[in-house]
Every structure is written in C-alpha cells, then in structure tokens.
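Reviewing the structure listed below.
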Amino acid sequence: MHTREIKIFVQEFDNLAELPEKDQQLILSAREVSKDAYAPYSKFHVGAAVLLENGELILGNNQENADFTDGLCAERVALFYAHAKFPGVPVRSLAVTACNSHGLLEQPTQPCGSCRQVMVETEVRFNQPIRIILDGKKHIHVIEGADSLLPMAFKPKALGS
Ligand code: THU
C-alpha cells in the first residue's frame, strides 16, 4: 500500500479589481442575475455566468420548487441552457456567486457536487478545461479546470464505450 497525494490548484484574489477585466465582467453578470433567482424556500440566491468560446454570455440562477428536490442550481441552469442554445460551442469560463440573508457570501461560493459533476462532463465533451471563478466578498477563487473542484471524478470513459 502507498498513499497517493492529490493536489488541487486554486488562485486566490483579494478583490475584484485584481482579476482580469473579462473575469470581473463575468462576476458582475453573475451577481446581477442572482437577483432574479427563484429561491423563496432557501432565500439563498445564486447566479452563474457562462462565457462561451464564441463570445456568447449565458446566465442562470437557481430555480426552486415546493417539492424541494425538483429545483435546480444556478450553474446547471446556465450550463444546460448554454448547451441547448449552442450545442457545439465549448465553455471558456464560468463565474458563480451567491447571496444569503447577509448579502454576498464572505468566502468564495462552493458549487455543489452535482454541479461539479456537470462541469466535468462539459470539459470532457469539449475536451477543454473551464476557467471557474468563485465569487466571495473576502476572496475570489479561480480554478483552471473542474479536476481541481472534483478530483477523482466519474468520467464517461469509465463506462467503457
Ligand atoms: N444552489 C445553487 O444554485 N448552486 C450550488 O452550487 C449550491 C446550491 C442553490 C440550490 C438551492 O436553490 C439553494 O442554492 C440552496 O441550496
């Protein structure tokens, strides 16, 4: 037996102005669309902004339901809509932000496991890593590729076809 160490890479920024202009714009778009989230149950408003390789910007926010399990996260709303509208176009970057009753989260927003899995699928589908930008008041994290968000992910090749 031996222990394998798996490293992940996270770039940490202390404020919005430190980021490249394109990332700043993406975060601001995510913050804006988070205001339109339908989150009457959790009151946790999430916004996601997807920048595609063709320059298109696709926005999404969380959509809840009285039957709680029927809702969908902002990231998946945005990614699925992007794939529906532009099926052959890779995703360049994705910004995620969230607000609770105190406003923008202090620490970077952490996408749920299912959203991470969908990000992995998108990367495999287009054979290209996504620049993932996680917004927070104190720090903003940038992760180049979902492998750092979901190490040892379940990938299509495991299916053997
Ligand atoms: N939510 C997201 O939109 N994205 C995530 O990655 C985590 C959670 C939403 C789902 C639900 O509407 C609310 O936040 C509380 O879990």
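The values are calculated or read from the model by the stated rules, or taken from the named source; none is laboratory data. What you see is a predicted model, and the numbers here were worked out from it, not measured in a lab. Using ideal geometry, Cβ is built from the backbone for each residue, glycine included, and neighbour counts are taken over all protein chains shown. Just so you know, the surface numbers come from the protein's heavy atoms only, side chains and all, with ligands and any DNA or RNA stripped out. Shrake-Rupley method; radii C 1.70, N 1.55, O 1.52, S 1.80 Å.
Of note:
- Output for region 105-144, where each listed residue is assigned to a loop (DSSP other than H, G, I, E, B), closer than 25 Å to PRO87 by Cβ and of a type in the set (A, V, I, L, M, F, W, C): CYS112, ILE130
- Just one residue in the set ASP14, ASP23 is out of contact with any Gly (no Cβ under 9 Å at 6 or more places or on another chain), touching a residue at least 40 places away in the same chain (Cβ under 8 Å) and closer than 21 Å to ILE130 by Cβ; that residue is ASP23.
- Failed criterion for LEU104 (all others in (1) open to solvent by less than 30 Å² (accessible area, probe 1.4 Å); (2) within 16 Å of the ligand (Cβ to nearest atom) hold): (1)
- Within region 38-53, residues that are hydrophobic (A, V, I, L, M, F, W, C) reach partners that are assigned to a loop (DSSP other than H, G, I, E, B) and open to solvent by 70 Å² or more (accessible area, probe 1.4 Å) with beta carbons closer than 9 Å, at six or more positions or on different chains, in the pairs PHE44/SER101; VAL50/GLU56.
- Taken together, the residues in region 78-98 that are within 13 Å of the ligand (Cβ to nearest atom) and either assigned to a loop (DSSP other than H, G, I, E, B) or open to solvent by less than 40 Å² (accessible area, probe 1.4 Å) (or both) amount to 7.
- Count of residues meeting criterion [outside any strand (DSSP E or B), open to solvent by 70 Å² or more (accessible area, probe 1.4 Å), within 11 Å of the ligand (Cβ to nearest atom) and not hydrophobic (A, V, I, L, M, F, W, C)] in region 26-47: 2
- Residue check, CYS112 under 11 Å from the mean Cα position of the chain (by Cα), surrounded by fewer than 19 Cβ atoms within 10 Å (Cβ to Cβ) and either closer than 24 Å to ALA153 by Cα or within 15 Å of the ligand (Cβ to nearest atom) (or both): yes
- Test: residue in region 118-135 that is β-branched (Val, Ile, Thr), within 16 Å of the ligand (Cβ to nearest atom), over 15 Å from ALA30 (Cα atoms) and touching a Gly at 6+ places or on another chain (Cβ under 8 Å): yes
- Scan of region 54-75 for residues that are open to solvent by 40 Å² or more (accessible area, probe 1.4 Å), in contact with a helix residue (DSSP H, G or I) (Cβ under 8 Å, 6 or more places away or on another chain) and more than 8 Å from the ligand (Cβ to nearest atom), ordered by number: GLU56, LEU57, LEU59
- Evaluation of GLU21 against (1) over 20 Å from VAL124 (Cβ atoms); (2) open to solvent by less than 90 Å² (accessible area, probe 1.4 Å) (one fails), failing number: (2)
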